[in-house]
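S.K.: Once you've had a glance at the structure underneath, I'll fire off some questions.
The values are calculated or read from the model by the stated rules, or taken from the named source; none is laboratory data. Note that the coordinates shown come from a computational prediction; the quantities given were computed from them, not determined experimentally. A quick note on method: Cβ atoms are made from the backbone with ideal geometry, for glycine too, and the neighbour counts reach across all protein chains shown. Just the protein is used for accessible areas: all its heavy atoms, side chains included, with ligands, DNA and RNA removed. Shrake-Rupley method; radii C 1.70, N 1.55, O 1.52, S 1.80 Å.
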Amino acid sequence: MEHQHKLFPLLVLLLFQVPIVASQTDSGDFTALSSLIQSWKNKPVNWVGSDPCGGDWDGIRCANSRITELKLPGLNLEGQLSSAIQPLSELDTLDLSYNAGMTGTIPKEIGNLKNLKSLALVNCGFSGPIPDSIGSLQKLAFLRFDKNRLSGRVPSSLSQLEKLSKIYLSHNELTGSLPDFTGMTSLTYVDLSDNNFNSSDIPSWVYASSLPDLTTVILKDNQLSGTLNLSTGYRRSLQLIDLQNNGITELKLGNQKLNFDLRLAQNKICLENGVSNEVYCKAPPQVIP
């Protein structure tokens, strides 16, 4: 009898501990996630129950009961990225890449995810404009929207992201002038290829020393025209400017000697001797000092 009395307080203690152990996910985050994925198809098979953090759901990482990572590339997901994502405000990584069945527009509510550092929606089926609210993601360092069907102009708010290092917007249907990335001093890599950009001259941010760490700029397969003016100099960190298959008519070098890879094939100028080992057309070179 005395032994049973000793066990009783222990059993009571264990019973009261069960809810604490079983609930490791913030209730607001779980509600938001449930709403977001309600209509998704082909979700991970271990997404069962009501505790993504405590249940080690595939593709989900947590900290202090909050969902901080939603990383689900290449799972053949089908559905939409809806406004229900807004309450997941502690997300620092969102990656739904290589899910062609993820369609619809990118919701403006994505701008509420102010802790995002990495945002990747590569090779999905998203369409429509890039929301202007993207400019609210002040911690964003990595952005990949390439290989979708995004259209319209790149919002000017994108240039407000001072920590952004890499931008991939290639293989979309984006239009208008090239975005102005002047002042985005953290940039190291920009790919805007295979769109419908139509700037009349190549803007100076592509080559200017004001962006000291930007090594690679890929602008091929657009509708760019006019002049690439390197005569006043260029940043020494440059490794590649790719302008192939555009309508560039002039290259101004002045006394500059190139020490980076400049690709200008399939434009309206002829180049050789120091610019490339190839001759791109039969007419005399038109390198303008």
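S.K.: Which value, in Å² rounded to 10, gives the accessible area of Asp180 with a 1.4 Å probe and all protein chains present?
M.R.: The accessible area comes out at roughly 90 Å².
S.K.: Okay, moving on. If R₀ is 25 angstrom, what is the calculated FRET efficiency for the pair Thr103 and Val45, using the beta carbon separation as r and rounding to 0.05? If you can, show how the numbers build up before the last one.
M.R.: Details: r = 23 Å, r/R0 = 0.91.
Calculated transfer efficiency: 0.65.
S.K.: Let me ask something else. Could you tell me which of rounded, prolate or oblate describes region 143-257, using a ≥ b ≥ c as the square roots of the eigenvalues of the alpha-carbon gyration tensor, with rounded for a/c under 1.5 and, failing that, prolate when a/b is larger than b/c and oblate otherwise?
M.R.: oblate
S.K.: On to the next question. For helix 2-22, report the angle its Cα long axis makes with the longest principal axis of the Cα atoms of the chain; keep it between 0 and 90° and round to the nearest 10°.
M.R.: Helix 2-22 and the main axis of the chain meet at about 20 degrees.
S.K.: Please report, as a whole percent, how much of the solvent-accessible surface of the chain comes from carbon and sulfur atoms (probe radius 1.4 Å).
M.R.: Looking at the chain in its full context, I get 49 percent from C and S.
S.K.: Helix-only mean residue ellipticity at 222 nm, the chain, DSSP H runs n ≥ 4 weighted -39,500 (n - 2.57), per residue, nearest 500. What is it?
M.R.: -3500 deg cm²/dmol
S.K.: May I ask which residue of Ala208, Leu75, Ser27 lies farthest towards the positive end of the charge dipole of the chain, with charges of +1 (Lys, Arg) and -1 (Asp, Glu) on Cβ and the Cα centre as origin?
M.R.: Ala208
S.K.: Taking +1 at the Cβ of each Lys and Arg and -1 at the Cβ of each Asp and Glu, which of Val217, Leu150, Met184 sits farthest along the dipole of region 149-224 towards its positive end, judged by Cα position relative to the Cα centre?
M.R.: Value: Leu150.
S.K.: Relative contact order of the chain, please, whole-number percent, based on alpha carbon pairs below 8 angstrom and at least 6 residues apart. Don't jump to the answer; show the numbers that get you there.
M.R.: On the way: 722 pairs, mean separation 24.0, N = 289.
Once divided by the residue count of the chain, the mean separation gives 8 percent.
S.K.: Separate question: What net charge is computed for the residues neighbouring Ser34, neighbours being all others with C-beta under 14 Å from the C-beta of Ser34, Lys and Arg scored +1, Asp and Glu -1?
M.R.: -2
S.K.: Please arrange Arg235, Arg263, Arg149 by accessible surface area, largest first, computed with a 1.4 Å probe and ligands excluded.
M.R.: Arg149, Arg263, Arg235
S.K.: Could you do me a favour and compute the accessible area per residue for the chain, 1.4 Å probe, result in Å²?
M.R.: Values: 14210 Å² over 289 residues.
So the chain comes to 49 Å² accessible per residue, rounded to a whole number.
S.K.: Label-point separation (nm) for Gln38 and Leu258, each offset 7 Å from Cα along Cα-to-Cβ?
M.R.: With each label placed 7 Å out from Cα toward Cβ, I get 5.6 nm.
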